[in-house]
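Asks: Questions regarding the structure given below will be posed in turn.
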There are 4 protein chains.
Amino acid sequence: MTQSATSALGRHRWAIAEGYIPAWSNGPEPELQSHETCCILNTSTTDAQVSLTLYFEDRPPQGPYRFTVPAERTCHKRFNDLQDPAPVPRGIGFSCVIDSDVPVVVQHTRLDSRQAENSIMTTIAYPL
Amino acid sequence: MTQSATSALGRHRWAIAEGYIPAWSNGPEPELQSHETCCILNTSTTDAQVSLTLYFEDRPPQGPYRFTVPAERTCHKRFNDLQDPAPVPRGIGFSCVIDSDVPVVVQHTRLDSRQAENSIMTTIAYPL
Amino acid sequence: MTQSATSALGRHRWAIAEGYIPAWSNGPEPELQSHETCCILNTSTTDAQVSLTLYFEDRPPQGPYRFTVPAERTCHKRFNDLQDPAPVPRGIGFSCVIDSDVPVVVQHTRLDSRQAENSIMTTIAYPL
Amino acid sequence: MTQSATSALGRHRWAIAEGYIPAWSNGPEPELQSHETCCILNTSTTDAQVSLTLYFEDRPPQGPYRFTVPAERTCHKRFNDLQDPAPVPRGIGFSCVIDSDVPVVVQHTRLDSRQAENSIMTTIAYPL
């Protein structure tokens, strides 16, 4: 690895305006379970303390969901797996703000397997 | 929710250059109806007055479509549902400019179920 | 349409690093023909003179492909339809630089119908 | 090609936070093999020396993977094909930092053919 790649890269805060965990699935799990993922890259040599806040259409914001992305590691966090302070409801729209104490890079991905063949989509999150 | 996450985040104006509501669908509605969505996140403590203007290939711009995204809420607005001043024609290309009186974050998503298995795509909108 | 939405928005130059026209298709044409599209929004009150330059893996750049995006219109241009100075080869990778004499917003979309069910993807282009 | 399009465009460093090579495939290869691609456009008149560093969830960073993107060419590099210093494991999440000695533009694409019908996704990478 080049020396330069080990420094902290990215931003402290990101937003994902689209969020939705499809309510059902087809195919072998966990790979093809319908899921919504927040991919967080921490290139720094310091562990990143990350906190997610979820926004909904019909209820107050929910969070923070806290976890650590270790130094020089990535984390592909499924919203499906978030439990504390509450699970993420299926089949309703939400948005997400990601806060990190060290700069990170964030990308959003969904796999939708509600029909027999899965479909995927991704976008870079919005850096704030 | 962290205190910092409640402030206004994003931009006042965004653009989505791609727009197209597929003209037919397969699968249970409303989930799997072909649709085009504009996801708008308002993290501020003030309601956002939003206005959409649509651009077409062969006719003058259409709008404004006005609606509110409440404080600390998201809105996943389907272009399929816009009615005033006129519905959005199916099966033709369009683009969209989104204006908001408070900063918001915007993401664009399509679900295309014209064939038996649905397909999805998404991108962050372009901040202006 | 709001007065503010009629001004020129965006950038004069954009890039799309991914490009590929799948070599075959399934389903009714033109809707479900495999295609690669460059969506260009011109919100200004002046016609935009646009020029595309294509880059390949194994041959010199090809172009310019010139066309007009009228004032206050969008153009969803399929790379499949480009003919002058030469058609775009199918089934090989390319990239594209978009130049416009007035600011525009550009988004990239592909529909791949090589298998029985189509798949779609999109991203905002990169503003230069 | 316009004179202006031949200059160096883009950035020296990019990140892709999402990475995953699906572990199996359906359909004719190489077109429909499940793959993850990093598309790199070099518009400059100088060859670009590119180096990729991969980040994982459970092990140290891996790289650099070095290759050249010739002047005025694009390169659609499949992560599947990276071999030196080590192949990229299938079916696990990763992220990627791309370094180039001349400015380039980078876009990320996946084709997932684990089920009978393929699915595609793309996003512009994050410029650093």
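Asks: What full-extension length gain, to one decimal in nm, is calculated for D:Asp81 and D:Ala116 as 0.36 nm per residue of separation minus the Cα-Cα distance?
Replies: In short, 10.3 nm is gained.
Asks: Could you tell me the center-to-center distance, by alpha carbons, between region C:74-102 and region A:43-119 in angstrom?
Replies: 37 Å
Asks: Quote the Stokes-Einstein diffusion coefficient, in whole µm² s⁻¹, for region D:1-115, based on the Kirkwood radius over alpha carbon pairs, a temperature of 10 °C and a viscosity of 1.306 mPa s. Mind dumping the intermediate values first?
Replies: On the way: Rh = 14.8 Å.
Translational D for this selection: 107 µm²/s.
Asks: Here is a further query. Which order results if B:Arg59, B:Arg13 are arranged by neighbouring Cβ count within 10 Å, fewest first?
Replies: So the ranking, lowest neighbour count to highest, is B:Arg59, B:Arg13.
Asks: Now for a separate question. Let me have the relative contact order for chain B, percent, based on Cα pairs under 8 Å that are six or more residues apart.
Replies: 39 percent
Asks: So if we plug the beta-carbon distance of A:Asp101 and B:Thr45 into 1/(1 + (r/R0)^6) with R0 = 30 Å, what FRET efficiency do we get, rounded to 0.05?
Replies: Working: r = 24 Å, r/R0 = 0.80.
In this case the efficiency is close to 0.80.
Quick note: the coordinates plus some simple rules give every number you see, no bench work behind them. None of the values given here were measured: they were computed from a predicted structure. All Cβ positions, glycine included, derive from the backbone under ideal geometry; neighbour counts span all protein chains shown.
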